[in-house]
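**Student:** What follows is a single structure, and I will ask about it in a moment.
The values are calculated or read from the model by the stated rules, or taken from the named source; none is laboratory data. No experiment lies behind these values; they were computed from the predicted model shown. Using ideal geometry, Cβ is built from the backbone for each residue, glycine included, and neighbour counts are taken over all protein chains shown.
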Amino acid sequence: MARFQYFDGSTRLDTAEAAALQALRADASALSLTDFDAAVDTSGLLEEGECLADYLRADDTTTFYVVEGPRGRLYGVRTMGFDFLFTRGGRAPVLCDGLEEAALVGELARDPMAWLLLPVNAPDATSRVGLERLVASSGEYRRITGAHGGERYQLLINGEPVCGAQIVDSVISTLYTRSDYRRQGLARRLIGRVLLDHPGLRHSDDRTKDGERFVANTPLRRAGEAREGLAPAP
């Protein structure tokens with residue numbers, strides 16, 4: 001199997017890409033030097049006659065990792081505060097998935113609250129909540145934390161976020177469902193998932209008319225109190 005080729009250091013990335021790499025690295029799988037060396041071709045990184053162990057000797061905190069990016073796998077080595085990346089064919093890595101964001105252009109034009117459905121570290125998200133980190137992900141849900149506090153939750157259908165919630169201090173700050181997926185109970189389903197992490201979840205006192213209807217139809221389970229109407233999603 002062809003080994004991954006050296007692309008470049010993280011200094012070549014733009015701000016959004018660097019933020020995305022940081023978020024991806026938080027969920028990376030650590031590798032030994034032997035496994036890393038077997039997976040990548042280091043000739044583009046090293047001088048002639050130099051070996052990887054020599055190159056990294058100056059930093060005993062060096063780590064090797066592999067991550068699954070939006071469009072495929074990439075390998076990295078972090079040393080002296082920098083990342084050096086290896087990709088298939090040495091091509092520029094895709095760290096920010098623009099497909100999800102492009103699909104939401106029309107939705108964002110209709111309602112700015114659609115930012116809740118944006119991918120991790122999309123510019124319109126980081127401008128609101130700071131650098132984000134994907135802390136949990138499954139085929140159906142995502143949980144994303146922001147550096148400025150609060151969390152985003154997303155419910156996915158066929159891999160696409162269709163419902164999103166912003167939670168701040170265990171309060172439902174904002175809730176949004178994509179226009180073509182409304183009236184299907186998806187917001188209730190998403191809040192059921194949020195309750196697993198926030199058993200003391202509360203509705204915001206600042207509500208729109210749609211928010212008032214949602215509150216009336218969605219009683220929340222307080223910690224230690226059985227409430228009819230909404231059970232956390234499995």
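**Student:** Can you list residue pairs whose Cβ atoms sit under 9 Å apart, with the first residue in segment 161-187 being farther than 10 Å from Ser204 by Cβ and touching a residue at least 60 places away in the same chain (Cβ under 8 Å) and the second being in a loop (DSSP other than H, G, I, E, B) and of a type outside the set (S, T, N, Q)? Count only pairs 6 or more apart in sequence or on different chains.
**Tutor:** Pro161/Leu104; Pro161/Leu118; Pro161/Pro119; Pro161/Arg178; Tyr176/Asp111; Arg178/Leu104; Ser179/Asp111
**Student:** Among what's in segment 1-47 and is over 26 Å from Asn121 (Cβ atoms) and among the charged types (D, E, K, R), pick the residue that is surrounded by the most Cβ atoms within 10 Å (Cβ to Cβ).
**Tutor:** Only one residue tops the list, namely Asp37.
**Student:** Restricted to segment 110-135, and to residues that are surrounded by 15 or more Cβ atoms within 10 Å (Cβ to Cβ) and closer than 24 Å to Gly185 by Cα, which residue is nearest to the chain's Cα centre (by Cα)?
**Tutor:** Checked segment 110-135; the qualifying residue nearest to the chain's Cα centre (by Cα) is Pro119.
**Student:** Still on this structure, I have one more. Select the helices (runs of 4 or more DSSP H) contained entirely in segment 2-93, then report the ones holding at least 2 residues which are in the same structural domain as Ser127 (by TED's automatic domain parsing) and closer than 21 Å to Leu131 by Cα.
**Tutor:** Counting at least 2 such residues, we get no helices (runs of 4 or more DSSP H) at all.
**Student:** Here is a follow-up. In segment 136-159, which residues are surrounded by 15 or more Cβ atoms within 10 Å (Cβ to Cβ), outside any loop (DSSP other than H, G, I, E, B) and over 12 Å from the mean Cα position of the chain (by Cα)?
**Tutor:** Leu155, Leu156
**Student:** Taking segment 103-124 as the search range and keeping residues that are under 15 Å from Ala18 (Cα atoms) and of a type in the set (A, V, I, L, M, F, W, C), which one is modelled with the highest pLDDT?
**Tutor:** Step by step, filter segment 103-124, then rank; the result is Val120.
**Student:** Which residues, taken from segment 188-216, are surrounded by 14 or more Cβ atoms within 10 Å (Cβ to Cβ), of a type in the set (Val, Ile, Thr) and free of Cβ contacts under 8 Å to residues at least 24 places away in the same chain?
**Tutor:** Val215 - this is the single residue of segment 188-216 that is surrounded by 14 or more Cβ atoms within 10 Å (Cβ to Cβ), of a type in the set (Val, Ile, Thr) and free of Cβ contacts under 8 Å to residues at least 24 places away in the same chain.
**Student:** Quick one: in segment 160-178, of everything that is part of a loop (DSSP other than H, G, I, E, B) and not basic (Lys, Arg), which residue is surrounded by the fewest Cβ atoms within 10 Å (Cβ to Cβ)?
**Tutor:** Asp169
**Student:** Going through segment 45-97 one residue at a time, which ones are at pLDDT below 85 and of a type in the set (Asp, Glu)?
**Tutor:** Hits for segment 45-97 are Glu47, Glu48, Glu50, Asp54, Asp59, Asp60, Glu68, Asp97.
**Student:** Quick check: anything in segment 73-89 exposed (fewer than 14 other Cβ atoms within 10 Å of the Cβ), closer than 27 Å to Thr126 by Cα and touching a Pro at 6+ places or on another chain (Cβ under 9 Å)?
**Tutor:** Scanning segment 73-89, I find no residue that is exposed (fewer than 14 other Cβ atoms within 10 Å of the Cβ), closer than 27 Å to Thr126 by Cα and touching a Pro at 6+ places or on another chain (Cβ under 9 Å), so the answer is no.
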